[in-house]
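Student: For reference, the structure I am asking about is given below.
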Amino acid sequence: MQSDTLAWLIPALLSALFAALTTILSKIGVAQIDSNVATAIRTTIVLLITWGIVAAQGNLQQAIQIPQKTLIFLIFSGIATGLSWLFYFRALQLGHTGPVVAIDKSSLVFVILLAGLFLREPLTIKTALGSLLIVAGTLVIVL
C-alpha cells in the first residue's frame, strides 16, 4: 500500500474505537428507559454536534446548495441510519452486548454484496473469503 492511501486508516481506527465506546455507553443508557427515547436523545446530540462542526467549518451555505439527487440519497441514507439505530438500541436493550454487536457488525457482508450490486464494485476471492469468515465468526459468537 502506498502511504497516501493510508489517509483513511486513523479516522477508521478512531471510528472503531468510538463505536466500541458508543456500544458500552448505549447499553448502560438503555437500561432504564425505552430504547426509542434513548435513540432520540442520541440522535439529537449527533445533530447538534454535526451542525456545530458544519458551522465552525463555514459550510452552512453548502447545505442549501445540495444537488437534488444527492439530497435524495442522503434522505434515504438518513432513514436507513435511523432504522439501524432504532433496531440496534432495541437489540442492546433486550440482549447481551457481544452477540448484538457481532450481528450488527456483520453488516459488512451486506455492504460488500450491495456494493457489488449497486456500485459495481468487484467481489474478489479475498472479499468473498473475508465475508465467509465474518459470517462464521458471527455464528461462533452468537450460537
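Student: Could you tell me which residue of segment 52-62 is farthest from T22 (Cα to Cα), considering only residues that are among the small types (G, A, S) and loosely packed, with under 11 Cβ neighbours inside 10 Å? Write out each step before concluding.
Tutor: Quick first cut of segment 52-62, residues among the small types (G, A, S) only: 52, 55-56, 58.
From what is left, the residues that are loosely packed, with under 11 Cβ neighbours inside 10 Å are 52, 56, 58.
Working: G52: 20, A56: 24, G58: 28 Å.
Top of the filtered list is G58.
Student: Does I64 satisfy being closer than 23 Å to V140 by Cα and aliphatic (A, V, I, L, M)? Please lay out each step first, then the result.
Tutor: Values: closer than 23 Å to V140 by Cα: no; aliphatic (A, V, I, L, M): yes.
So I64 does not fit the description; no.
Student: Now for a separate question. Kindly indicate whether any position in segment 116-124 is of a type outside the set (A, V, I, L, M, F, W, C), part of a helix (DSSP H, G or I) and more than 16 Å from A20 (Cα to Cα).
Tutor: In the first step, residues of segment 116-124 are kept if they are of a type outside the set (A, V, I, L, M, F, W, C); the result is 116, 120-122, 124.
Checking which are part of a helix (DSSP H, G or I) leaves us with 116.
Restricting the remaining residues to those that are more than 16 Å from A20 (Cα to Cα) gives 116.
Yes.
Student: Pull up segment 98-135, narrow it to residues that are polar (S, T, N, Q) and surrounded by fewer than 14 Cβ atoms within 10 Å (Cβ to Cβ), then point me to the one that is farthest from I24 (Cα to Cα).
Tutor: Our first condition is that a residue be polar (S, T, N, Q); within segment 98-135, this holds for 106-107, 124, 127, 131.
Then keep just the ones that are surrounded by fewer than 14 Cβ atoms within 10 Å (Cβ to Cβ); that gives 107, 124.
Details: S107: 19, T124: 34 Å.
Of everything passing the filter in segment 98-135, T124 is farthest from I24 (Cα to Cα).
Student: For I49, are the conditions met, namely being closer than 18 Å to L21 by Cα and either free of Cβ contacts under 8 Å to residues at least 12 places away in the same chain or more than 15 Å from the chain's Cα centre (by Cα) (or both)? Give the steps one after another, and end with the answer.
Tutor: Working: closer than 18 Å to L21 by Cα: yes; either free of Cβ contacts under 8 Å to residues at least 12 places away in the same chain or more than 15 Å from the chain's Cα centre (by Cα) (or both): yes.
Spelling it out, I49 is indeed closer than 18 Å to L21 by Cα and either free of Cβ contacts under 8 Å to residues at least 12 places away in the same chain or more than 15 Å from the chain's Cα centre (by Cα) (or both).
Where a number appears in this text, it was derived from the coordinates with a stated rule and is not lab data. Everything numeric here is computed off the predicted structure, so don't read it as measured data. All Cβ positions, even for glycine, are placed from backbone atoms using ideal geometry, and neighbour counts span all protein chains on display.
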